[in-house]
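First up is the structure itself, then whatever we jot down about it.
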Amino acid sequence: EYIHAAGTEPVKIDLVPVPNRLEVGTLAIAQIIGLAAAVKFLTDIGMQNVIEHEQKLLEYTVSKLKQMDFIEFVGNPDLNRHLISFNLRGVHAHDAAAMLGQQAICLRAGKHCTQLLHDKLGIVASLRLSFGIYNELEDCHKFLNALPEIYKLFNRKKKDANMQNILDHYHEPENAGV
């Protein structure tokens with residue numbers, strides 16, 4: 001077949017049979033190469049080593065969280081293999097995630113595609129912490145050391161007027177300044 005463009009000579013093209021003819025654009029080459037590198041990386045380490053590393057960090061972190069009386073687990077943390085869902089009593093999950101994020105501690109806040117479960121449990125949102133091969137015990141320590149300060153900030157008895165106004169606005173923006 002030939003393609004005719006305005007002001008040019010016809011160009012011969014070879015079309016592949018349907019359905020491949022209907023694929024448009026360039027393949028996601030960078031992503032394909034990245035996936036191959038990730039598979040090689042994990043294969044070189046060994047998936048069993050990855051699983052054991054993540055499990056070690058999870059077990060350590062759960063054991064320390066259980067010692068904090070302001071932690072409310074969502075579900076049984078002893079049944080998890082690679083993540084923990086929880087809240088800090090009296091602290092909205094998004095507030096805690098934002099404050100942890102300011103310290104370069106990244107975790108998820110929200111309903112995590114389990115809105116019905118959160119509704120059934122009466123939970124507005126929760127925090128979800130997961131581990132990867134790139135995490136180390138020092139990351140767990142940094143995370144665990146940050147939690148008491150966040151809890152204290154949001155639960156102290158005598159908040160100054162300015163901080164109270166900020167917190168009121170953050171939790172109920174429609175009532176700000178009232």
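The values are calculated or read from the model by the stated rules, or taken from the named source; none is laboratory data. A quick note: this is a predicted structure, and the numbers were derived from the prediction, not measured. Note: ideal-geometry Cβ built from the backbone for every residue, glycine included; neighbour counts use all protein chains shown. The accessibility values were calculated without ligands, DNA or RNA, using every heavy atom of the protein model including side chains. Shrake-Rupley method; radii C 1.70, N 1.55, O 1.52, S 1.80 Å.
The table below lists the values:
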{"read-out": "Where labels lie 7 Å past Cα in the beta-carbon direction, separation of Ala98 and Leu153 in nm", "value": "1.0"}
{"read-out": "Potential lengthening between Leu79 and Val50 on full extension [0.36 nm per residue; Cα-Cα distance subtracted]", "value": "8.6 nm"}
{"read-out": "GluC sites (Glu not before Pro) restricted to segment 1-71 and DSSP loop, no more than 13 other C-beta within 10 Å", "value": "Glu1, Glu23"}
{"read-out": "Size of electric dipole in segment 39-102: Cβ of Lys, Arg +1 and of Asp, Glu -1, about Cα centre, debye, nearest 20", "value": "40"}
{"read-out": "Whole-Å distance, taken between Cα centres, linking segment 21-76 and segment 100-134", "value": "16"}
{"read-out": "In segment 53-107, the trypsin sites (Lys or Arg not before Pro) that fall in loop regions by DSSP, at most 16 other Cβ within 10 Å", "value": "Lys66, Arg81, Arg89"}
{"read-out": "Net length gained if the chain between Lys40 and Thr8 were fully extended (0.36 nm per residue, minus Cα distance)", "value": "6.8 nm"}
{"read-out": "Proximal charge balance of Ile123 [Cβ under 13 Å; K/R count +1, D/E count -1]", "value": "+2"}
{"read-out": "Violating pairs (Cα-Cα greater than 30 angstrom) within the set Lys40/Lys120; Lys64/Lys120; Lys66/Lys111", "value": "Lys40/Lys120"}
{"read-out": "Largest-first ordering by accessible area, 1.4 Å probe, given options Cys140, Cys113", "value": "Cys113, Cys140"}
{"read-out": "As computed over segment 5-109, the Cα convex hull volume per residue (Å³)", "value": "259"}
{"read-out": "Karplus (6.51, -1.76, 1.60) ³J(HN,Hα), θ = phi - 60°, over segment 87-93, in Hz, Gly and Pro reported as x", "value": "9, 9, 3, x, 10, 5, 4"}
{"read-out": "Nitroxide proxy distance, nm - points 7 Å out along Cα→Cβ at Asp119 and Ala30", "value": "4.0"}
